[in-house]
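Supplied in structure tokens, the structure appears directly below.
Quick note: the coordinates plus some simple rules give every number you see, no bench work behind them. Remember, predicted model here, so these are calculated numbers, not experimental data. Cβ placement follows ideal geometry from the backbone for every residue including glycine, while neighbour counts extend to all protein chains displayed.
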């Protein structure tokens, strides 16, 4: 499939590389290509700057949000959650992302009071719903936001993959397509929570996930729904 | 130990029975003993009315909130989360619940917009924190709110008990005592999240838990933290 991954942080790069490795035609989208390609410092987590990553992944294009999304069947929102609506508006350009599957993996974290962050959207709304309302003709699927980027694309790296990923969305066909992409990554326990309003639940898991990464010593943790 | 369980719903009754079965001296607290003992209809989940339960558990006393809490080393808050501060104030009477371990298992659900409920407290505060602030001399431990009552006291009923319960609280000794009570129920994976502020995380899990009970067909589900 032709897939645009919006966002050049660790999540975007990790997803783009894994989707390309699965055989998809992947372009990474960024607001300002020149600025992105001029980065020379590691990010705050110590990941190499984007140009170094891009050099190692030369089959993956780098373009503006709009160029990356143009003609893409799937747009992955891997931008920071508080900037996602603007990024998607740039990606839509003059269009409406009509029929496009928007896979929203973002979390709208509010660091205004320091660590741990609270959520910029919570409880009676969610980023997933905001994206769906802003782009009513897009087919938004919330998924993968409940874990670290490395785990998203390699579930087998923890407990042999015996844990759970969630999908939320109003369009059954879009969720089925996202399910296929998740299975390519190795996911076996994919739980369909229902409509996009159920994105509230998975977004509100983040504070617990952050506590667990602190108390258990790192991001290599995951939730399994036992039943 | 001498334990007061505040609340006569399914959660309170289930916890009271299990704590008594573990050998503790348990009294159930309610706002109005006469009204509680006059109930004749099953609750909205089909559980028998409280007097029928009380007749089957005649070693467990029934008293007002204040009488139940008087002299108790542990007070379990199993009241509805939006009524919990009032119930605990009644339990405290002229005192401050000083040194008492308050095990808060409640969720402050807001049904004002129907189903699914939102949370009456979320994101930048939690019921656990509100209780600790209101009773600064109490030792509040949030736990068990992330699951169905039957699972709280019988973790082995799902997946042989291979799943996780969380504790949050500022007092290490109080968390250790609650850990002992949880082990009596059969819990083996008890994760200490940190201070009472981490109650935010476990309280915000409720919307996902509710979605899962809908999509997976019932409340016999649980979270396991894999790592």
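Say we join alpha carbon atoms closer than 10 Å with springs in a Gaussian network model of chain A; which of A:27, A:213, A:64 then has the biggest fluctuation?
A:213
Out of all DSSP beta bridges with both ends in the protein assembly as shown, state the antiparallel percent to the nearest 5.
If I count the DSSP bridges inside the protein assembly as shown, around 20 percent turn out antiparallel.
Over all alpha-carbon pairs of region B:1-64, lay out the pair-distance distribution in 5 Å bins, whole %, shortest bin first.
Taking all Cα pairs of region B:1-64, the binned fractions are 4, 20, 33, 26, 13, 4, 0 percent.
Let me ask something else about it. Could you state the number of Å between the C-alpha centres of region B:99-138 and region A:1-65?
Here the two parts' Cα centres lie 42 Å apart.
For Cα pairs less than 8 Å apart in space and 6+ apart in sequence, what is the mean separation divided by the residue count of region A:62-183, i.e. the relative contact order in percent?
22 percent
Express the C-alpha Rg of region A:105-183 as a ratio against the empirical globular expectation 2.2 N^0.38 Å, rounded to two decimals.
1.25
So for chain A: antiparallel DSSP bridges make up what percent, rounded to the nearest 5?
In chain A, approximately 15 percent of DSSP beta bridges are antiparallel ones.
Which value in Å does the Kirkwood hydrodynamic radius of region A:140-227 take, with 1/r averaged over all unlike C-alpha pairs and then inverted?
It works out to 13.2 Å.
What percent do you get for the relative contact order of chain B when only Cα pairs under 8 Å and 6+ apart count?
Computed over chain B, the figure is 17 percent.
Is the shape of chain B rounded, prolate or oblate, going by the alpha carbon gyration tensor and its root eigenvalues a ≥ b ≥ c, with a/c under 1.5 for rounded and a/b larger than b/c for prolate?
It is rounded, given that a/c, with a ≥ b ≥ c, falls under 1.5.
Return A:129, A:67, A:55 ranked ascending by Cβ neighbour count within 10 Å, so the fewest neighbours appear first.
Fewest-to-most ranking of A:129, A:67, A:55: A:55, A:67, A:129.
Return the ratio Rg/(2.2 N^0.38 Å) for region B:79-143, where Rg is computed over Cα atoms only.
1.15
Within a 10 angstrom radius of each residue's Cβ in B:197-205, how many Cβ atoms of other chains show up on average? Whole number is fine.
6
Now a separate question. At 222 nm, what value in deg cm²/dmol follows for chain A if DSSP H runs of at least 4 each add -39500 (n - 2.57) and the sum is divided by all its residues, to the nearest 500?
-9500 deg cm²/dmol
Taking chain B as a Gaussian network, Cα atoms linked when under 10 Å apart, which of B:115, B:209, B:187 shows the biggest mean-square fluctuation?
Checking each option, the largest mean-square fluctuation is seen for B:115.
Something else about it: Under a 10 Å cutoff between Cα atoms, tell me which one of A:114, A:81, A:12 has the largest fluctuation in the Gaussian network model of chain A.
A:114
Semi-axes of the equivalent ellipsoid of the protein assembly as shown: what are they in whole Å, largest first, if each equals the square root of 5 times a C-alpha gyration tensor eigenvalue?
46, 21, 19
What whole-number distance in Å separates the alpha-carbon centres of region A:188-227 and region B:159-177?
So the two Cα centres are separated by 19 Å.
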